[in-house]
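Reviewing the structure listed below.
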Amino acid sequence: MESATERLNKVLSQLRNKQLVQSQSKIVDIAELMAKVVVQRNVRQPQVIIEHSQECLMPLDGETFFSILNHLIQNAQEATKSDGWVKVSLAVNDKQAKVTIGDNGTGMSTEFINKRLFKPFDTTKGNAGMGIGVFEARQFMHSIAGNIEVVSEEGQGTEFCLTLPLKS
């Protein structure tokens, strides 16, 4: 009970701070943002490799998107042995940008993905996690008319695909 109360207080504090700050969308280079996250995450193993990237300027809350990428890449690293791999890529066409984060870690069951992955406050990390990272990622992606998809196989790895619509 104490742990749940503490997690809820942390979330409420984050929500209050967001309401106070309310970051506005600015033109952000998704490739540059992705590269900064990779540099930050590469203080631990496995190292994150950028497979493909290209400039992609779009109006976006860069701080929130940075946080989402950081969280998803951190999850991939934590699910992967130090001699495994975590790869990110960015592909852009005239309609959308697609950021892919893949790993060859422990993977997730279909049941877990369908019933628990996007459920707020549901964590597999015990007191180390609050269970809102992937939930927040999905909420943000939907708020910009984007999408987040996940494909995973237990013992094989996971791939998250973030699709961001490009406005003409």
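The values are calculated or read from the model by the stated rules, or taken from the named source; none is laboratory data. Keep in mind the model is a prediction, meaning the values are calculated, not measured. We place every Cβ from the backbone using ideal geometry, glycine too, and count neighbours over all the protein chains shown. We work out accessible area using only protein heavy atoms, side chains counted, and drop any ligands, DNA or RNA first. Shrake-Rupley method; radii C 1.70, N 1.55, O 1.52, S 1.80 Å.
Odds and ends about this structure:
- Residues satisfying the stated conditions in the range 94-141, i.e. over 12 Å from the mean Cα position of the chain (by Cα), modelled with pLDDT of 90 or more and not polar (S, T, N, Q): LYS95, ALA97, LYS98, ASP103, GLY105, GLY107, MET108, GLU111
- For LYS36, the stated conditions do not hold, so it cannot be described as closer than 18 Å to ASN147 by Cα and open to solvent by 60 Å² or more (accessible area, probe 1.4 Å).
- Scanning the range 39-77 for residues that are of a type in the set (Val, Ile, Thr) and open to solvent by less than 50 Å² (accessible area, probe 1.4 Å) returns VAL48, THR64, ILE68, ILE73.
- In the set (1) of a type in the set (Ser, Thr, Tyr); (2) out of contact with any Phe, Trp or Tyr (no Cβ under 7 Å at 6 or more places or on another chain); (3) closer than 16 Å to MET141 by Cα, the condition left unmet by SER89 is number (3).
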